[in-house]
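To start, the structure itself, in structure tokens.
The values are calculated or read from the model by the stated rules, or taken from the named source; none is laboratory data. The shown structure was predicted, so the numbers you read here are calculated from the model rather than taken from an experiment. Note that we place each Cβ from the backbone using ideal geometry, even for glycine, and neighbour counts take in every protein chain shown. Please note that ligands, DNA and RNA were not included when accessible areas were found on the heavy atoms of the full protein model with its side chains. Shrake-Rupley method; radii C 1.70, N 1.55, O 1.52, S 1.80 Å.
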Amino acid sequence: MRVAVVGGGISGLVAAYRLRMALGLDAELVLVERSGRIGGILRTTDIAGDPVDLGAEAFVGRRPEIPELMRELGISEQLVHPAGRRPLIWSEGSGHRLPEDTLMGIPSGPEAVEGLVDAQTLARIADEPNRPLRWERGGDTSVGALVADRFGEQVVRRSVDPLLGGVYAGTADSIGVRAALPTLAAALDGGASSLTEAVRNALPPKSNTPVFGGIRDGYRVLLDALRAAANVKIETDTAATRLTRTAAGWQLDPVGPVDAVILATPAPVTAALLRDIAPQAADIAGGIELSSSAVVALALPRDAPLPDNSGILVATGEPLRAKAFTLSSRKWPHLATRDVALVRASFGRFGDPAPLSWSDADLITAATEDLSTVVDAPLCPLTAIVQRWPGGLPQYAPGHTDRIAALRNTIADLDGIAVAGAYLDGVGVPACAASGTAAATRIADQLI
Ligand SMILES: Cc1cc2nc3c(=O)[nH]c(=O)nc-3n(C[C@H](O)[C@H](O)[C@H](O)COP(=O)(O)OP(=O)(O)OC[C@H]3O[C@@H](n4cnc5c(N)ncnc54)[C@H](O)[C@@H]3O)c2cc1C
């Protein structure tokens with residue numbers, strides 16, 4: 001039995017690990033990865049002698065996938081949680097407390113965004129339950145269109161965009177309600193008479209469980225553990241170029257004949273590889289747009305005057321070039337003890353790929369200048385590292401959920417083919433891991 005996994009990001013590595021667990025040691029597993037390293041958008045590097053993540057740096061800790069994986073792999077002692085500080089929103093040239101009682105920045109009432117939006121907008125939010133709401137059951141629209149219509153443009157730009165931008169590197173206009181906020185879509189489908197009511201119904205119950213988790217020595221610990229447990233032959237610097245059907249199974253170039261293939265690649269690559277065998281699915285995957293981003297990791301003197309917040313999210317339209325800062329040394333207790341203060345500046349929003357074309361030096365200068373503006377003090381980094389993520393994040397446009405269901409439907413009868421990845425059921429690391437598990441389960445069920 002020979003199974004290939006294409007793509008060595010978290011989706012592919014989890015798929016390989018789950019395949020090994022299901023198929024046993026006799027199965028031959030091959031993972032091909034186009035770049036020279038595994039991890040995809042998970043990348044840990046050393047700054048000032050200690051590990052720092054340059055891609056994802058956290059995961060939603062209320063989802064079970066990553067803590068469970070860490071337990072299975074024997075690395076639970078690496079699980080860490082943020083200190084509990086909240087981020088600021090930078091809007092109209094100053095820092096504001098992050099609105100509370102919101103769903104991805106959509107307020108449950110005017111008090112949630114007091115101080116962040118003007119009095120007229122607050123009055124509009126207060127009046128929103130009195131205005132009739134038109135929502136087509138099962139329908140979809142962009143988060144931006146829905147919120148602008150009900151609460152006004154300021155709520156979109158100052159509260160929703162900064163939060164959605166952090167997850168999708170998109171704006172509220174490029175992201176659909178149903179895929180990004182399924183509980184809100186359910187509340188609207190369920191007949192909520194206003195957006196206010198729908199948000200209140202959709203808000204998760206208050207809980208003391210930390211929302212986020214992280215890995216003390218970086219995602220590389222998880223990647224290394226997965227790689228070892230998967231016991232998979234990994235071929236880096238090897239791009240899968242073509243997938244065709246044979247009498248006995250599948251031919252994956254340049255791997256050769258295989259019984260099954262898991263495509264754990266970004267949507268455009270998956271589209272190209274599905275083109276010969278499932279053209280309809282290829283069209284759907286090929287229609288998913290991508291957003292590019294860059295991260296600048298800064299090591300500052302330990303006593304740099306950073307605010308007592310976990311980060312700063314920048315509202316749309318501000319004259320800053322960075323879209324967010326993670327104040328890593330404030331956010332994570334395990335990083336607070338380092339010799340340097342660590343900050344990650346993020347650049348790039350959907351539709352504005354300009355920062356990706358800047359030189360490293362220009363990105364570092366922009367990160368340093370913008371952070372100096374925000375903290376109102378001149379800062380001088382000791383070290384800086386630039387990491388670019390071209391096409392790193394798929395955009396979940398309105399109708400995404402239906403399109404993904406159709407994609408899955410069109411490949412349902414292709415025995416031995418499964419897909420995984422960030423464009424399917426969520427961009428977060430837990431959702432990607434879940435997609436790898438689901439793909440491996442499908443293949444194992446067919447092969448055993
Ligand atoms: C800057 C940034 C910060 C983020 N922060 C967080 C966070 O804090 N928490 C969180 O939960 N999520 C975060 N995310 C999202 C999350 O990291 C990603 O969605 C997830 O890591 C994607 O994993 P993946 O395996 O699906 O895809 P990828 O990581 O993109 O892996 C796909 C792999 O396929 C390879 N490949 C492509 N074409 C071929 C080919 N033809 N043949 C072989 N291999 C190929 C690529 O080289 C790549 O290694 C962040 C994303 C970005 C960009």
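A single member of Thr209, Thr196, Thr238 is polar (S, T, N, Q), open to solvent by less than 40 Å² (accessible area, probe 1.4 Å) and out of contact with any helix residue (DSSP H, G or I) (no Cβ under 9 Å at 6 or more places or on another chain), and it is Thr238. Cβ separations smaller than 7 Å between residues 6+ apart or across chains give the following pairs from the stretch 143-170 residues that are β-branched (Val, Ile, Thr) to residues that are surrounded by fewer than 22 Cβ atoms within 10 Å (Cβ to Cβ) and in a helix (DSSP H, G or I): Val155/Thr121; Val156/Ala148. If you go through the stretch 399-419 and keep only what is in a loop (DSSP other than H, G, I, E, B) and either more than 18 Å from Gly286 (Cβ to Cβ) or in contact with a Leu (Cβ under 7 Å, 6 or more places away or on another chain) (or both), you end up with Ala412, Asp413, Asp415, Gly416. Going by what's in this entry, would Arg62 be described as near the ligand (Cβ under 8 Å from one of its atoms), charged (D, E, K, R) and in contact (Cβ under 8 Å) with a residue 60 or more places away in the chain? No, not satisfied. When the stretch 177-227 is filtered for residues that are over 16 Å from Ala433 (Cβ atoms), aliphatic (A, V, I, L, M) and under 17 Å from the mean Cα position of the chain (by Cα), the ones remaining, listed by number, are Val177, Ala179, Ala180, Leu181, Val211. With the checklist (1) open to solvent by 50 Å² or more (accessible area, probe 1.4 Å); (2) touching a Gly at 6+ places or on another chain (Cβ under 9 Å) in hand, flag the one item Thr246 doesn't pass. Going through (1) open to solvent by 50 Å² or more (accessible area, probe 1.4 Å); (2) touching a Gly at 6+ places or on another chain (Cβ under 9 Å) one by one, Thr246 breaks only (2). Filtering the stretch 124-181 to residues that are under 22 Å from Val429 (Cβ atoms), open to solvent by 50 Å² or more (accessible area, probe 1.4 Å) and not aliphatic (A, V, I, L, M) leaves only Gly166. When Arg216 is tested against (1) touching a helix residue (DSSP H, G or I) at 6+ places or on another chain (Cβ under 6 Å); (2) closer than 30 Å to Glu136 by Cβ, just one condition goes unmet, and that condition is (2).
Val269 - would you say it is part of a helix (DSSP H, G or I), in contact (Cβ under 8 Å) with a residue 40 or more places away in the chain and surrounded by 19 or more Cβ atoms within 10 Å (Cβ to Cβ)? Yes; evaluated as a whole, the condition is true for this residue. The sole residue among Val160, Val177, Val167 that is modelled with pLDDT of 95 or more, touching a Gly at 6+ places or on another chain (Cβ under 8 Å) and not assigned by TED's automatic domain parsing to the domain that holds Ser346 is Val160.
Between Ala439, Ala434, Ala412, the distinction of being touching a strand residue (DSSP E or B) at 6+ places or on another chain (Cβ under 6 Å) and in the same structural domain as Gly39 (by TED's automatic domain parsing) belongs to Ala439 only.
Just one of the listed residues (Asp352, Asp402, Asp362) is closer than 23 Å to Leu313 by Cβ, modelled with pLDDT of 95 or more and among the acidic types (Asp, Glu), and it is Asp362. When we screen Ile10, Ile41, Ile47 for residues that are more than 13 Å from the ligand (Cβ to nearest atom) and in contact (Cβ under 8 Å) with a residue 24 or more places away in the chain, the only hit is Ile47. For the stretch 426-438, what are the residues that are within 17 Å of Glu68 (Cβ to Cβ) and within 12 Å of the ligand (Cβ to nearest atom)? Within the stretch 426-438, Gly426, Gly428, Val429, Pro430, Ala431, Cys432, Ala433, Ala434, Ser435, Gly436 qualify. Does Ser346 count as in a strand (DSSP E or B) and either within 24 Å of Ala56 (Cα to Cα) or in contact with a helix residue (DSSP H, G or I) (Cβ under 8 Å, 6 or more places away or on another chain) (or both)? So Ser346 fits the description; yes.
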